[in-house]
Amino acid sequence: MGTAGASVASRFGSLDRGVKLVGTASGAAVVATLVAFLVEPALTVYPLIAFLVVAGYGWYAHQESTAQVLMFLMTGSTVVVLGLITVYLFVRSAPAFAHMGFDILLRTESPMWSASSGVYSLAPMLWGTFLTTLIAMVIAAPLGVAGALFISEIAPARVREVVKPAVETLAGVPSIVYGFLGWIVVTDYFYNELSLSGYGSLFVAGVVIGVMALPTVVSVAEDAITSVPGSMKDGSLALGVSDWQTIKSVTLPASFSGVSAAVLLGVGRAVGETMAATVILPHQQAFPQPFYDV
């Protein structure tokens, strides 16, 4: 401990005056903001004002040092906030688990959700999330990778300049808009053409969520594919390999990690989507009959 403390002290002593001043003052302001939020939220505004004053002074007098300190504080604050959210969720869910035990996750008997009887089950929601995510990724993963390959490797420059911003714009459309269109257009079509027994279908929800996740997969995968060095592609083409063989045997393997990350981000979008699913499936707490009937 003594060696570690001496190492920290030596590093702190080696910092310039601007880093020490701005770092200490802004760090104290952030801690004071957190304490005020936990004790008396109405007082949070005062340490926030102090933080802004310190940051403004630092940006004026010690810009480089202030940028370093603010980056560190924002990164640390993100980790702390996510940790507090996790703790809050566990603490607030403890009474429900104390009341139902693990039956809240596993109960499949009727009734599965009855406030009057004190019976609750998350199993239908978990099963519905699994099915809609599976359907969504069947749509978003292959179409997303294909779209990314088209934009980065096949499309002419003029087409790329139009399509890429359009796809990124679609990623910013609110989920309630997708849910509304899914309810008004897609659900109505399936209800009339396939003679469904009622409005609301896991398949429709999966399709809409897949369309929502598609721009994210396309955008991230396209960035990964574009980052493949041109020398690798040129070397493949110089050996007489066709464009498609180059894409299949060189570009995709070289960008596999980035493309995989894009698909995982799409999965995260699909799993975490609630608004569109709630609009299309009007808050139903029931299993499909049979379980796999989407």
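The values are calculated or read from the model by the stated rules, or taken from the named source; none is laboratory data. Because the structure is predicted, anything quoted here is derived from the model rather than measured. Please note: Cβ atoms are built from the backbone with ideal geometry, for glycine as well, and neighbour counts cover all protein chains shown. Surface accessibility is based on the protein's heavy atoms, side chains included, excluding ligands, DNA and RNA. Shrake-Rupley method; radii C 1.70, N 1.55, O 1.52, S 1.80 Å.
So the values come out like this:
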| read-out | value |
| --- | --- |
| Of all accessible heavy-atom area on the chain, the percent that carbon and sulfur account for (1.4 Å) | 71 percent |
| R0 of 51 Å, Cβ-Cβ distance Ala261-Ser114: FRET efficiency to nearest 0.05 | 0.75 |
| Spin-label model distance (nm) - Leu82 vs Glu168, 7 Å beyond Cα toward Cβ | 2.4 nm |
| Given (i) 25.5; (ii) 18.3; (iii) 19.2, the label whose value is mean projected area of the Cα convex hull in nm² derived from this model | (i) |
| Surface accessible to a 1.4 Å probe, per residue, for the residues of segment 122-280, Å² | 51 Å² |
| Cα convex hull volume per residue for segment 77-204 (Å³) | 199 Å³ |
| Segments 134-142, 251-259 sorted - mean Cβ within 10 Å per residue, highest first | 134-142, 251-259 |
| Debye intensity ratio in log₁₀ form over the Cα atoms of segment 122-280, taken at each q of 0.09, 0.11, 0.19 Å⁻¹ | -0.36, -0.51, -1.09 |
| Förster-model FRET efficiency, 25 Å R0, Trp127 and Thr278, C-beta, rounded to 0.05 | 0.95 |
| Cα gyration tensor shape of segment 38-99, rounded if a/c is under 1.5, else prolate or oblate by comparing a/b with b/c | oblate |
| Helix-derived mean residue ellipticity, 222 nm - over the chain, DSSP H n ≥ 4, -39500 (n - 2.57), to 500 | -23500 deg cm²/dmol |
| FRET efficiency, 1/(1 + (r/R0)^6) with R0 25 Å, evaluated for Asp223 and Val271 via beta carbons | 0.70 |
